[in-house]
1. Of all residues in the range 51-87, count the ones that are touching a strand residue (DSSP E or B) at 6+ places or on another chain (Cβ under 7 Å) and either over 16 Å from residue 26 (Cα atoms) or not in a strand (DSSP E or B) (or both).
2. Considering only residues of the range 1-50 that are part of a loop (DSSP other than H, G, I, E, B) and modelled with pLDDT of 95 or more, which is nearest to residue 79 (Cα to Cα)?
């Protein structure tokens, strides 16, 4: 019984943790893409505008623009940039 009590406590505690909302995750993914592209182009993040596009198979796509140049970031569910590309380049 003593062994069971800590397990029950942890189970109840984990039930209190809420999952991250999709809107918050999208915002974190946009911010991560903005930071990576800003570093890539060696410009301030304020000069990069990002918007969340889609998600498939656990990989999200975020578009980042610096002026007229377009970049697409691929990110995982922890908002880690897996890579980026330059479509129409």
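The values are calculated or read from the model by the stated rules, or taken from the named source; none is laboratory data. Keep in mind that what you see is a predicted model, and the values were worked out from it rather than measured. Positions of Cβ are backbone-derived with ideal geometry, glycine not excepted, and every protein chain shown enters the neighbour counts.
1. 9
2. For the range 1-50, the residue satisfying everything is 48.
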